[in-house]
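Working notes, structure below.
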Amino acid sequence: MKLSACIEWLFADASDDFAERIRLARAAGLDAVEFWFWSNKDIGAIEAALKETGLSLSGFVAEPMIALTDPANHARFLAGLSTSMRMAQRLGAKVLIAQAGDDLPGRSREEQHDALVDCLRAAADVLAGSGVRLGVEPLNTLIDHKGYYLSSTREALNIVDEVGRPEIGVVYDLYHSYVMGERIEDVLKDKVAHVIHAHVADHPGRNDPGLGEIDLGKRLAWLYANGYEGAVGLEYKPEGSTAEALARVRAALTTA
C-alpha cells in the first residue's frame with residue numbers, strides 16, 4: 001500500500017513550510033505527498049523538495065475549483081485545466097482532482113448531470129495524451145459539504161461510464177462514502193477500475209484512522225483485492241503530532 005500524505009493537514013503541526021512538510025513526510029517513511037491548490041504554493045521550493053526526497057506527488061486540485069454543473073463555467077475551467085495539467089507534468093503528478101460543485105438552484109439534476117458529463121468529455125480532450133487523469137470526487141452532504149451536487153459514489157461512477165474516456169475517473173474518499181452510508185462492496189462492485197485515487201479519514205471528526213469507527217483496513221483490503229493499484233491519500237485532520245501517530249495510522253489501515 002502506497003501512502004500519500006496530504007500536506008495541507010499532515011505535518012502542519014511541525015512546519016508552516018510546505019516544502020519542509022515534504023521532507024518531514026520522507027523522514028516519516030511515507031511514499032508520496034499531495035496537496036489541494038497549486039497556485040498558492042512556492043512551486044520552485046515544492047519541486048526542489050520532491051527531487052531532494054525522491055517522493056512522488058500523487059496529485060492536486062485542477063484549478064479553478066468552480067461548479068462544473070454550470071455550463072457558464074466550462075470555458076474557464078477548461079482553460080485552467082490546461083494550465084493545471086502542465087503543472088502536473090512539471091511536478092510528475094498523474095492525478096488532478098475536480099469537484100462537481102454545489103447543486104444549483106433553479107436547475108434540474110438532469111440539466112446539471114448533462115452539464116457535468118459535457119464538461120468532463122471536454123476535459124478528456126484537454127488531457128488526451130498527457131499522462132494526467134482527472135478524478136471527479138463525490139463528497140458527503142450530511143456533515144462537511146451540505147448542498148454539494150455529487151454525494152453518491154454510484155452516480156459518480158455512472159457519470160464516468162457515460163463520459164467513456166480513460167482520462168476521466170473517480171477519486172474515492174472512504175470517509176465521505178461512509179458518512180453517506182455506502183458499502184464499498186456495493187457501490188464499487190465491478191467498477192474499481194474507475195477509481196484513480198483514494199482518500200481516507202476516520203469518523204466522527206475526520207481525524208486520524210484508528211481514532212473512529214470506520215473499518216478502514218477492511219475496506220482498503222477489499223479495494224486492493226478487487227484491482228485498485230493507486231495510492232491511499234491520508235487526508236485527515238491529525239489529533240496531535242502527525243509523525244507520532246503514523247504507526248497507529250498504518251496499523252489501522254492494514255488491519256482487515
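The values are calculated or read from the model by the stated rules, or taken from the named source; none is laboratory data. All figures in this text were calculated on a predicted structure; none of them were measured in a lab. Every residue, glycine as well, gets a Cβ built from its backbone with ideal geometry; the counts of neighbours run over all protein chains shown. When the accessible area is computed, the model is the full protein with side chains, heavy atoms only, and any ligands, DNA or RNA have been set aside. Shrake-Rupley method; radii C 1.70, N 1.55, O 1.52, S 1.80 Å.
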Mean separation of Cα contacts under 8 Å (6+ apart) over length of the range 1-124, as relative contact order %: 22 percent
Counting all C-alpha pairs of the chain, share separated by more than 23 Å (%): 49 percent
Net charge of Cβ neighbours under 12 Å - reference Leu91; Lys, Arg +1; Asp, Glu -1: +3
Sequence-distant residues sharing a close amide H with Asn207 (under 5 Å, placed H): Asp202, Lys237
Given charges at Cβ of Lys, Arg, Asp, Glu: the range 1-127 dipole, positive-most of Leu68, Val117, Ala79: Ala79
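Which value at 222 nm does the chain reach when only helices count, each DSSP H run of 4 or more adding -39,500 (n - 2.57), with the total divided by all residues and rounded to the nearest 500 deg cm²/dmol?
-12000 deg cm²/dmol
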Heavy atoms of Met85: accessible area, 1.4 Å probe, square angstrom to 10: 20 Å²
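For the range 1-146, count all C-alpha to C-alpha pairs, find those more than 24 Å apart, and express that count as a whole percent of the total. Walk me through the intermediate numbers first.
On the way: 4004 of 10585 pairs.
Roughly 38 percent, once rounded to a whole number.
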Per-pair calculated FRET efficiency, R0 = 30 Å: Ala247 and Glu213 via Cβ, rounded to 0.05: 0.90
Loop trypsin sites (Lys or Arg not before Pro), the range 152-201 (other Cβ atoms within 10 Å of the site Cβ: 14 or fewer; DSSP): Arg183, Lys189
All-pairs alpha carbon distance profile, the range 36-121, 5 Å steps from 0, percent: 3, 14, 23, 20, 14, 11, 8, 5, 3, 1, 0
Residue of Val160, Val187, Val136 that the Gaussian network model of the chain assigns the largest fluctuation, springs spanning Cα pairs under 10 Å: Val187
Beta bridges per DSSP with both ends in the chain, % antiparallel, nearest 5: 5 percent
Count of Lys pairs (Cα-Cα under 26 Å; at least 8 positions apart or interchain) in the chain: 18
